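See below for the structure under consideration.
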Amino acid sequence: MDKIIEILATLIVLGVCLNLIEQYTGIYRFLKFFSDLSIAVMLGALISGLFRNFVRAYGIDLLRKLGFEVDELVLVFETIANVIIGFFVAIAFAQSQNINLIGLVAGLGIGGIAVAFASQKALEQIFGTIIIYLDRPYVPGEYIRLNLSSQGILFARVESIGLRSTKLRTLAKSTLIIVPNSVMAGTDIENITRGTKIMVLLYLDFDRQLEKSEEALLEKVIKDSTSKLYGIDANSTRISLFPYGDNLNGVRARVNFFILGSSENSLEFRKRLLELANESISAKLQEHNISCTIKDPSIYVESPVSI
């Protein structure tokens, strides 16, 4: 975010400096257009970043307090919001440049219909490419497993993603298979490379020994607070208790979680959910007169998923 602000401030300063050459009309108008375009793009990126940080900091907590389940739909909502932000930024830029955006879109629409009838197959491939680049089910260098009607179940490495097709290198024969992107966009794909999970180590310190009933309550509170979180592998949650303190008169609880995710963005989102769960654990224990100190931050360790 700081980098975006620095770039935006630099572009604004350069835009102001362009007024020094306003007398050279041709050069001024040419440079002014690209300067305003750059400022509009960076301004859109800044608004998008601020909105994302607001959702992560306050939106998730608010939705949970309202009783809604929070999952990766929040990420989809962020994407839709980014599209809307980009749309309004484009309108503002077009108006500042006296561009008839409505006429331009209408003209492109009429021309697009004519082109669509003339090159339906080619457009199908291009739309498949757009879907792949937007959804990012795989990138070059990753290993995937898919089911093709002509090849059957195929395990291959992605060599490249072109405008029309994806090149796959099979592992068994090391042959190159070229698959249209429209086919790839409509096929179930298992991404082996992204099969990773994050192990989270959470420590809770108690200043006294816990009774058996309190230990059972601690385990119930932890599992209830995390079992409903999207992307948390509840079956892998483990709780260990051992003596802690100067005279070993206290107890430390070590809790192992596993966060499942397919991208850095989804993992960061689920880490935020787990932080909210930590607050919930502490509050519920306080209700039963069990005070504890939750070590912050938790320890995140990347762990591969077995194939």
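The values are calculated or read from the model by the stated rules, or taken from the named source; none is laboratory data. Keep in mind that what you see is a predicted model, and the values were worked out from it rather than measured. Heads up: the accessible areas ignore ligands, DNA and RNA and are worked out on the full protein's heavy atoms, side chains in. Shrake-Rupley method; radii C 1.70, N 1.55, O 1.52, S 1.80 Å.
Brief remarks follow.
- Length added when fully stretched, R145-E190, from 0.36 nm per residue minus Cα-Cα: 15.7 nm
- Once backbone amide H atoms are built at 1.01 Å from N, F258 has V200, D233 as its partners under 5 Å, excluding neighbours fewer than 5 places away on the same chain.
- Of the whole protein surface, D188 contributes about 130 Å² of accessible area at a 1.4 Å probe radius.
- Near the amide H of T166, within less than 5 Å, lie the amide hydrogens of V179, N181, all on another chain or at least 5 residues away, with H placed in the peptide plane.
- The fraction of accessible area contributed by carbon and sulfur in region 1-48 is 72 percent, rounded to a whole number (1.4 Å probe; ligands and nucleic acids excluded).
- Here the 3J(HN,Hα) profile of region 199-216, calculated from phi with Karplus coefficients 6.51, -1.76 and 1.60 at θ = phi - 60°, is 8, 10, 9, 10, 10, 10, 9, 10, 7, 8, 6, 9, 6, 4, 5, 6, 5, 5 Hz, Gly and Pro shown as x.
- Nearest-10 value in Å² for the accessible area of T25, using the 1.4 Å probe: 70 Å²
- For region 126-131, 3J(HN,Hα) per residue [Karplus equation, 6.51 cos²θ - 1.76 cosθ + 1.60, θ = phi - 60°, Hz, x = Gly/Pro]: 5, 5, x, 5, 4, 4
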